[in-house]
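**Q** Dumping the structure here so I can ask a few things about it.
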Amino acid sequence: MATAANKSTAPAQHDVDLLIEEYGYDDHFHEHHEGDKYQSNFFTTYIFSQDHKMIARQFLITGMFWAVIGGLMSLVFRLQLGFPEESLAWLKPVLGKWITINADTGLGTLAPEFYYALVTMHGTIIVFFVLTAGLSGTFSNLLIPLQVGARDMASPFLNMLSYWFFFMAGLVMFFSLFLSTGPFAGGWTAYPPLSALPQASSGSAGGMTLWLISLTFFVVSVLLGGVNYITTVLNLRTKGMNMWRLPLTIWAFFVTAVLGLLSFPVLVSGFFLLIFDRTLGTSFFLNEIFVGGQALDHVGGSPILYQHLFWFLGHPEVYIIILPAMGIVSEVLSVHSRKPIFGYKAMVFSILAIGFLSFIVWAHHMFMSGVNPFISNFFVVFTLIIAVPSAVKVFNWITTIYGGNIRFTSAALFGVGFVSMFISGGLTGIFLGNSAIDIQMHDTYFVVAHFHIVMGVAAFFGMFAGVYHWFPKMFGRFMNETMGKVHFWGTMIGAYAIFWPMHYLGMAGVPRRYYRFDNFDTFSHFSAMNQFITVAAILVFAMQIIFIVNFFRSIWFGKKMTSRNPYGANTLEWTTPIDVPHGNWPGKIPAVQRWAYDYGKGGEENVSQIVPLAEGEHDQGH
Amino acid sequence: MTTLLAIACILLITVVVVQIGKVTELATKLRGEEEAEQISNKRTGSFLLVFVFAFLVFCVGSAIYYKNWMLGYGPHEAASAHGSRLDSLFNVTLFFTGIVFVITQILLFYFAYKFRGEKGRKALYIPHDNRLEVIWTVVPAVVMTFLVISGLDAWNEVMADIQEGEEYVEIEATGYQFAWHLRYPGPDGKLGTRNFKLINAANPLGQDWTDEKNWDDLHPSEIVLPVGKKVRVRITARDVLHNFFLPHFRLKMDAVPGMPTYFVFTPSKTTEDYRRELSKYKEYQALSDPADPNSEPLWKVFNYELACAELCGKGHYSMRRVVRIVSEEEYTKWLSEQKPYYMTSIRNTIEDPFNGILLPGEAAETAPDTSKTTPQ
């Protein structure tokens, strides 16, 4: 690895400290922060930290915790789906009453209620806690101040609150797992009336109450974070850092934060109406219901209204998940290919286009929900238009590696894997976005395959690329490359082994969210395939154990970072000292002189953003 | 035991990988970083090339292997008039996306292999090319336009309600936790009115018995429909959301409490026809019950099925009904054998508002007695 930076030291203009000293901006930061009151003791350093780098690490490690929980849940329900006849009695010590043991045969069976609770929690946890907080929370926090050249976030205090609201959301959700009526079990989308009526599902009692409280906390966390990210990007860019000089990571985090800020409040409004229906006897989402032997008093509401409110967030949410991954992958592929990202402006415009379109496609989740079929026409058009900016991004990534000199670090491999997954999962979206085809495919395993590949696996790959790439920035050490490569290949092959066959299940019409398939002749022919998927899922989970071991081992025992710019990257985070202090730069803030992607320009391996333009040199970022 | 063994295996693999990781780190130190990187790049590049080849073979091979089990392929042609249109739309989309899939995956991995890091190679400096950007914006846009137009054309036709003056059979399916309740309109061709407040054990749909359109309504336990005739399914739900899903007919629609939805379709193959199609494929010669050597082959016991496709609670996976498509004559015969629910289960019970009162057209001797009960 440590090649480029070491070699290109000769000219004086490449000495980072001199460049910062000569051109940098002096904000007298260290005069104001004498003694560093923000990091004076253990609590303010590691727990209630206001330093964006520490908060990023908190988000990452909390996200990893939740990823393990969410992953383990999926293993339990995959065992049920792959091996419905095998005994799960050995899980009794953990799952307690949710495993019923047959007195005669000793066979332990997973209770269907709990199967649905696991499916629901798996979705909620992975979508919100891992791929929103763990991905955007981690890397927006780490990279926005470092890459735009800021001392910290615009409001470090709100930033700290953002993490702790996320933490509380997690705590409440965690508690809900231990309720006697079980956690919420009505699917991560929580459609009423099922989610509104404890009579209809035991998880809709206390479990749903905690689910709503937890996610309300979570939305507060997202909003506090989002306000900060947007303000920091707009107001705290260093001298010379105009918008066209921002790395694509920052563009992606910025648009992600805007999407979150506009869409999450709508979700909360839906949640509040649902809370009213559950507790105050209103009828926003309920109408003419007979349940539990009783006709309810609720009349006049519409369950479909909730779906509109939910998906008005729900669809931007998938871009909130995938955009940061796209940004990370753009940066990682460019750095490790030693080439500028191809079509920087096209990449920015496609991020903006995707962000905009994500707000006018939500009803494609509702083609078969009973909305007027005429309405669907608009949503089909806008949905399929998203394929265009997505295609532009894919072609640009492929062209970025074309003609490069690619260093296959684990980060770069996950970058390539991301593009492969994004292609595979994105293309199936073209089937589902077309309402006529969606009639058959809606709520089948085809959908499960589609979104797991395109926003589950792909987003995880983006996250892994980011972790491997910026691990030295976070912990001053490198992760082990061999373990990283084993992790990559196992996950890449395993993830396709899990999700590719699900397309066939979907094409056979097998509905998702089925506890068993043998009630129907049409769906029961795939036991071998379901076993295969389950085994693959276990292997992929085992690969993640390797990642976690590698992660924690490397924090303390990894190879030490010896130069401040090990990858020969251009962006500002690599101009900070190896041990990044509070305030990020010990002296002045570096000033930016050019765009972030001058790799291989004029025969130079790389030209950092802080290197002034030569006379007559054309800069891409203006 | 298997579980313990599996966990032990996973732990062992982890330990091995950690050790290998340590060793290679040491080896890197001995050999020098740069050289180690060269070797690793070379090896990884070839892996990527092998991967894309194996992956594409796996994709195509598995698709061929499962062809006869998937709807729309092999014997599983759509059993409704609109279904084949949706299937061909699927295939057209598969054609275009398949081309893009193969080309982009090959390019991605081949470039990764071709441009793997080598000592002394200089990366090109090409920041952008507007002509290329235009090409790969316009081409997907054109393809999407084509797919949108053909998709919407099909969609609006499939989703259209019955036109005025059209002849059709109307049936009703009501989802509840956890089954479907079916209703046919009876000889008058009209479904009677319902009120959810009237629902009880004897009156599962909350039919208003003072509405005489309800008197002849049938409550069969399976869906039987004539081939080639337009059917309008009125879809309702009693408690939570359900979804009326007929996979073989490419039909799916949510059942929403308090808001009836509908789906119009025309069955195009009888159950017998479909079985005959299946019998031509060897996959369906297998025994339907592998444990019983005397059981019928799979094709012989085939039935169309109705399923629920919207999560509705813990019994969601079990809401099955059989659907039988028969010839017009068989249908008429079956229909004539069905007894109205009101007459068999409600008439002259305490549920009946006309308990003891003669209905128009009812002969006096069928009335039980002359006590003075009045409609409630």
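**Q** How many of the residues making up the stretch B:134-159 are of a type in the set (A, V, I, L, M, F, W, C) and either surrounded by 14 or more Cβ atoms within 10 Å (Cβ to Cβ) or not assigned by TED's automatic domain parsing to the domain that holds B:R85 (or both)?
**A** 12
**Q** Looking at A:L333, A:L352, A:L305 in this structure, which one is closer than 24 Å to B:C308 by Cβ, assigned to a helix (DSSP H, G or I) and more than 8 Å from every other protein chain (Cβ to nearest Cβ)?
**A** A:L305
**Q** Mind counting the residues in the stretch A:362-376 that are assigned to a loop (DSSP other than H, G, I, E, B) and free of Cβ contacts under 8 Å to residues at least 60 places away in the same chain?
**A** Summing the residues that are assigned to a loop (DSSP other than H, G, I, E, B) and free of Cβ contacts under 8 Å to residues at least 60 places away in the same chain in the stretch A:362-376 gives 1.
**Q** I need every pair where a residue in the stretch A:385-397 that is in the same structural domain as A:I430 (by TED's automatic domain parsing) has its Cβ under 7 Å from the Cβ of a residue that is acidic (D, E), sequence separation at least 6 or different chains.
**A** Every condition considered, the pairs that remain are A:V392/B:E133.
**Q** Still on this structure, I have one more. Restricting attention to the stretch A:148-159, report how many residues are assigned to a helix (DSSP H, G or I), more than 9 Å from A:L236 (Cβ to Cβ) and more than 20 Å from the chain's Cα centre (by Cα). Steps first, please.
**A** In the first step, residues of the stretch A:148-159 are kept if they are assigned to a helix (DSSP H, G or I); the result is A:148, A:156-159.
Now narrow it down to the ones that are more than 9 Å from A:L236 (Cβ to Cβ): A:156-159.
Right, trim to more than 20 Å from the chain's Cα centre (by Cα) and you get A:156-158.
Within the stretch A:148-159, residues that are assigned to a helix (DSSP H, G or I), more than 9 Å from A:L236 (Cβ to Cβ) and more than 20 Å from the chain's Cα centre (by Cα) number 3.
**Q** Before we move on, is B:F178 more than 22 Å from A:F367 (Cα to Cα), of a type outside the set (V, I, T), crowded, with 16+ Cβ neighbours inside 10 Å and facing another protein chain (nearest Cβ under 9 Å)?
**A** No, not satisfied.
**Q** Okay, moving on. Residues in the stretch A:398-407: is at least one more than 7 Å from every other protein chain (Cβ to nearest Cβ) and touching a residue at least 60 places away in the same chain (Cβ under 8 Å)?
**A** yes
**Q** Can you spot a residue in the stretch A:548-561 that is buried (at least 19 other Cβ atoms within 10 Å of the Cβ) and of a type in the set (V, I, T)?
**A** No, the stretch A:548-561 contains no residue that is buried (at least 19 other Cβ atoms within 10 Å of the Cβ) and of a type in the set (V, I, T).
**Q** While we're looking at this one, here's another question. Does B:L89 count as facing chain A (nearest Cβ under 9 Å), part of a helix (DSSP H, G or I) and of a type in the set (A, V, I, L, M, F, W, C)?
**A** yes
**Q** Still on this structure, I have one more. Find the helices (runs of 4 or more DSSP H) located wholly in the stretch A:15-101 whose residues include 2 or more that are in contact (Cβ under 8 Å) with a residue 24 or more places away in the chain and either within 23 Å of the chain's Cα centre (by Cα) or under 24 Å from A:I548 (Cβ atoms) (or both), and list them.
**A** Counting at least 2 such residues, we get A:52-82.
**Q** Just to be sure I understand, how many residues within the stretch A:591-603 are over 31 Å from the mean Cα position of the chain (by Cα), at the interface with chain B (Cβ under 9 Å from one of its Cβ atoms) and modelled with pLDDT of 85 or more?
**A** Total satisfying the criteria: 2.
Yes/no per residue for (1) more than 14 Å from chain B (Cβ to nearest Cβ); (2) among the β-branched types (V, I, T); (3) free of Cβ contacts under 8 Å to residues at least 24 places away in the same chain:
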position: A:I453; (1), (2), (3): no, yes, no
position: A:G456; (1), (2), (3): yes, no, no
position: A:A459; (1), (2), (3): yes, no, no
position: A:G466; (1), (2), (3): yes, no, no
position: A:G490; (1), (2), (3): no, no, no
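**Q** Same structure again: Taking A:Y514 as meeting all but one of (1) part of a helix (DSSP H, G or I); (2) within 9 Å of chain B (Cβ to nearest Cβ); (3) hydroxyl-bearing (S, T, Y), write down the number of the exception.
**A** So the condition that A:Y514 fails would be (1).
**Q** When the stretch B:203-223 is examined, which residues are found to be within 13 Å of another protein chain (Cβ to nearest Cβ) and either in a helix (DSSP H, G or I) or surrounded by fewer than 19 Cβ atoms within 10 Å (Cβ to Cβ) (or both)?
**A** Residues satisfying the conditions are B:P204, B:G206.
**Q** If I go through the stretch B:55-86 residue by residue, how many of them are outside any helix (DSSP H, G or I) and hydrophobic (A, V, I, L, M, F, W, C)?
**A** 4
**Q** For the stretch A:166-190, which positions are surrounded by fewer than 24 Cβ atoms within 10 Å (Cβ to Cβ), over 23 Å from the mean Cα position of the chain (by Cα) and within 14 Å of another protein chain (Cβ to nearest Cβ)?
**A** Hit for the stretch A:166-190 is A:T181, nothing else.
The values are calculated or read from the model by the stated rules, or taken from the named source; none is laboratory data. Values in this document were obtained by computation on a predicted structure and should not be read as measured data. Glycine gets a Cβ as well: all are built from the backbone with ideal geometry, and neighbour counts include every protein chain shown.
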